[in-house]
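Colleague: Pasting in a structure now, in structure tokens, and then I'll have a few things to ask.
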Amino acid sequence: MELAYYSDYAVRLVNTEEPARGKDALTSVEAVRDLFGPSQSAARRATDADVTRFRSVRARLRAVFEAADAGEERLAVDLLNSLLLEFPVSPQVSGHDFRDDDGRPLWHMHLADHPSNATAGYAAIAAMGLAFHLTEYGVDRLGLCEAAPCRNAYLDTSTNRSRRYCSDRCATRANVAAYRARKRLEADRSEKTGLAADSAQASSAQGESRPDLRGR
């Protein structure tokens, strides 16, 4: 498993909240456990107390994405480094797949955590995964969806660094909104042009209807 895979932990946690919409899905211990995905052993450590702790880590991870999205590269790195210092992990070599018929393991790097609570374990993996993604692809690969009011976090893995939205749904919604805005602008311009033409015609007609008294 590539270490950058763990960056998805950060995205999943950040996107449990939609600040602009006033929505927060992180309201129970069950919601916390769902974030761990297939890692059921880690999820079982979660308690009600982790809900508040997870929200605190979420705010700090969102701050990393906000700084990156605003082009504040050093701030994004500093914020991420503070998380890495507070929530360390232990890299380990692991092998649970087989690479040939002889049964030899397919070795890969794995992030092992030994936390005192579920939040510490999740935060450590999320921060380390995000750090690997940042150093591998660049700070500008961390973004926030441009389709207002979404602002979900995403990781840009496009070949030309062109991603602007968190999902195809938001991209479609933004494109439709932009199309409608252009149509409204064109209609407004057409209306103003028509009014101006009508005004000019009216002025011309009034001038032609006036009698010429200069010869009297």
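Colleague: Which percent of the accessible heavy-atom area of segment 1-153 goes to carbon and sulfur, probe 1.4 angstrom?
Modeller: Carbon and sulfur together cover 50 percent of it.
Colleague: Let me ask something additional. Which distance in nm do the two modelled labels at Thr47 and Leu84 give, with both placed 7 Å along the Cα-to-Cβ direction?
Modeller: In this crude label model, Thr47 to Leu84 measures out at 3.1 nm.
Colleague: What number comes out for accessible area per residue over segment 13-86 if the probe is 1.4 Å? Units Å², please. Write out the running numbers ahead of the final one.
Modeller: Working: 4040 Å² over 74 residues.
Using a 1.4 Å probe on heavy atoms only, each residue of segment 13-86 averages 55 Å².
Colleague: Which whole number in µm²/s is D for segment 13-86 by Stokes-Einstein, with the Kirkwood Rh taken over Cα pairs at 25 °C and 0.890 mPa s?
Modeller: 183 µm²/s
The values are calculated or read from the model by the stated rules, or taken from the named source; none is laboratory data. Since we're looking at a predicted model, the values are computed, not measured. We place every Cβ from the backbone using ideal geometry, glycine too, and count neighbours over all the protein chains shown. For the accessible areas, the whole protein counts, side chains as well, though only heavy atoms, and no ligand, DNA or RNA atoms are used. Shrake-Rupley method; radii C 1.70, N 1.55, O 1.52, S 1.80 Å.
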